[in-house]
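Worksheet: the structure to be examined is printed underneath.
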Amino acid sequence: MARKAEILKNVEEIIKGIAEECKMISKAAITAHGMNDKVSGQDTLTDSNLYNDLDVKYDMDNEMISILVNPYIKYIQEGRAPNEPFPWKLAVEVLADWCQRKLGASDNTTIYFVWKSIVEKGIKPRPIFDIPDNLWTSPNNANDLVMEDLTDEYWDDWADEIFEAVTITLDNYFND
């Protein structure tokens, strides 16, 4: 029984490590898409709540890793069409912190003008988590090296740890 507990602990540590690496890769994806054409090409995502609040959870009972992101990822990922409804009450809730951090004011007038701009102009989509089919092979894709380096580096670690955990599990199964 003690050996089985040790194996489960090892597997849990591997899953925890994979979850943390998923978090790192997700943050790298946000950083890679941080530039915003509307704001003079400034990186508006790397120091955002989207980036800072990103977290991962793992659930050993259900064998699941969850990546937790702010709900407004939808509007960054998919954009928002001009004149799409954006209720004022929701705007106050979601824009007050942003206005304070980025503009130094979060009064109703400031929030109103940001809200009005979003309603009138919409939000251009920035598909942070879309991975094009050719990402892994296209020499013209600027993210190629980053993604190849990440997958090579982390796959090697994952593969070794998973292989070791499976080997120990099978050895214990057949020899106990």
Need the list of lysines near Lys102 for cross-linking: C-alpha distance under 21 angstrom, and skip anything on the same chain fewer than eight residues off. Lys27, Lys38, Lys74, Lys89, Lys116, Lys121, Lys124
What length, rounded to one decimal in nm, is gained on full extension from Met24 through to Thr109, with 0.36 nm per residue of separation minus their alpha-carbon distance? 26.9 nm
Want the number for Glu84 to Asn62: 0.36 nm per residue separation, take away the alpha-carbon distance, what's left? 4.1 nm
Using only Cα atoms, what Kirkwood radius does the stretch 81-122 have, in angstroms? 10.1 Å
Taking 0.36 nm per residue of separation between Glu93 and Lys9 and subtracting their Cα-Cα distance, the length gained on full extension comes to 26.1 nm
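Any read-out appearing in this document is the output of simple, stated calculations on the displayed coordinates, not a laboratory observation. Predicted, not measured: the structure shown is a model, and the values here were computed from it.
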